Amino acid sequence: MHPQRPQLLVVDDDRSILTLVGAIAQSEGFDVGTTMDGSEAMQLLRRRLADLVLLDLRMPGITGLEALRSIRDINPQIRVVLMSGHATIDSAVEAVKLGAMDYLTKPFDLQRLRQLLASVREEAAARRAVLTLEGELAQRLEFCGMVGRGAAMHEVFGLIRRLAPHARTALVTGETGTGKELVARALHKLGPRASRRFVTVNCSAVVETLFESELFGHVRGAFTGATDHKAGLFETADEGTVFLDEIGELPASVQAKLLRVLENGEVQRVGSLEPRKVDVRLIAATNRDLLHEVASGRFRSDLYYRLNVAEIVLPPLQQRREDIPYLTAAFVQNFAQRFSKPLVGLTSGAERLLAEAPWEGNVRQLRNVLERACILADGEFVTEAELGGIMRQQMQGTSTKAPAAALPAMHRTVPLVEIEREHIVRTLEQVGGNKAVAARLLGISRRAFYRQLERHGLHTSIPLLKAANEQAIVPMGRVS
């Protein structure tokens, strides 16, 4: 799938300007959209993300500054350059305060326009390159369907490799959504029974009265409805692997029979007096504290210790946040292929939402959020707007553990702004108030950094040199 060219939207009520800028931008490698109406521009941007918007300051109906405010609401990551044949210092200052990247005067300095387009094109290309590299790295980090770069998951992967050839029983523990079944499948795949069956039983989904029949089978006439002999799942998986998910839900009567299978390698069908030999590897998983269940009498201690010959503990996503970019890259690649979309990755604002979210549903929740966002995405990037709405819907009803102050910005009255402000303040504190160093650490130009300080009201509490601020605005000769 060929990468898309960077996207430019030109908004001006002068058709000659649209023609001129469109021709230059196309020669600079942009796909160009044009409109003579500010309101239509907002509708276009809601449907499709643009890398850059060239926006006339004076238009009938909605003005350039009003349109700029709307663009900030639609997606703060869109770069906006205002154009005017009646430039003033006041209008330039206002534009920069509202988040404009630059300010062009008419008639255009065509060399400067080309430089600006080249700057945005190179920035967009660099962004796409970084996301592509993350996707390639995610593929290299993949281990039996799991992705992890941090120490926690590397320890899990190493333990799986060591246990797979030898352990006949294993216990996988961790919160819901951490990937326990993937661990079980990895143990099976890397072990000596890989060519045999892998049978999964979700203990929380089986009706209690049917547990014995499902696991161990029954003979004809054993109970009402038993019209024929039936092999249980342990017999079906003979010489293979049985995965008992949520084993903490197993009824006490079945726990005793499961212990017999583990100790003697025998199952007894319901209604039969004859035991049958089976040879299975048993992997159990739970999100419960089984030791607590043992202490409370809900789980047999002998079964617990028989299962817990080897335990693999999966960390929650909150404890492995360094893996989120690579999990995201792997999921986006998968969904792009499945939905036949040219998706490359997420905008930086969308990535920030993922990094700050509590993820109580762990990797499964992250995957579900990204799947829905990829379905809605139009273009190469999943945006903050698309992701934010999905995350609010998913998390409002699920967040029970984190206090309000610890939740990401989307749960609170002012989305994202507070996070940005706190991040800027912390960065300045780390560098002793040096704004040039802070801008480099944040990956933005000094001019953009000054705009952020003003946007968050930090220009008064953290003094700026007036002359430097004016130099960043008045000459307008070079794009930082």
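Details
- Yes/no for Val130 being of a type outside the set (Gly, Ala, Ser), within 30 Å of Gln318 (Cβ to Cβ) and surrounded by fewer than 16 Cβ atoms within 10 Å (Cβ to Cβ): yes
- Within the range 370-387, no residue that is assigned to a helix (DSSP H, G or I) and modelled with pLDDT under 80 sits with its Cβ atom under 6 Å from a residue that is crowded, with 20+ Cβ neighbours inside 10 Å and among the basic types (Lys, Arg) at 6+ positions apart or across chains.
- Only a single item in (1) assigned to a helix (DSSP H, G or I); (2) open to solvent by 20 Å² or more (accessible area, probe 1.4 Å) is not met by Arg298, and it is number (1).
- Tallying residues that are outside any strand (DSSP E or B) and hydroxyl-bearing (Ser, Thr, Tyr) within the range 152-185 yields 2.
- Among the residues of the range 85-99, at least one is under 30 Å from the mean Cα position of the chain (by Cα) and closer than 21 Å to Gln452 by Cβ.
- Cβ separations smaller than 6 Å between residues 6+ apart or across chains give the following pairs from the range 237-259 residues that are within 14 Å of Phe211 (Cβ to Cβ) and modelled with pLDDT of 95 or more to residues that are in a loop (DSSP other than H, G, I, E, B) and open to solvent by 10 Å² or more (accessible area, probe 1.4 Å): Val242/Val280.
- Hits in the range 142-179 (condition: under 19 Å from the mean Cα position of the chain (by Cα) and open to solvent by 30 Å² or more (accessible area, probe 1.4 Å)): Glu142, Gly145, Arg149, Ala152, Glu175, Thr176
- Residue tally, condition surrounded by 17 or more Cβ atoms within 10 Å (Cβ to Cβ) and among the acidic types (Asp, Glu), over the range 1-36: 2
- Pro107 fulfils the conditions (1) farther than 21 Å from Thr347 by Cβ; (2) buried (at least 17 other Cβ atoms within 10 Å of the Cβ) except for a single criterion, (2).
- Members of the range 186-220 that are assigned to a strand (DSSP E or B) and either among the β-branched types (Val, Ile, Thr) or open to solvent by 50 Å² or more (accessible area, probe 1.4 Å) (or both): Val199, Thr200, Val201, Asn202
- Which listed residue is in contact with a helix residue (DSSP H, G or I) (Cβ under 6 Å, 6 or more places away or on another chain) and either modelled with pLDDT of 90 or more or closer than 30 Å to Pro6 by Cα (or both), from Leu131, Leu141, Leu110: Leu141
The values are calculated or read from the model by the stated rules, or taken from the named source; none is laboratory data. What you see is a predicted model; the values in this text were computed from it and never measured. Virtual Cβ from ideal backbone geometry, glycine too; neighbours counted across all protein chains shown. Ligands, DNA and RNA are stripped out before the accessible areas are found, and what is left, the full protein with its side chains, is counted by its heavy atoms. Shrake-Rupley method; radii C 1.70, N 1.55, O 1.52, S 1.80 Å.
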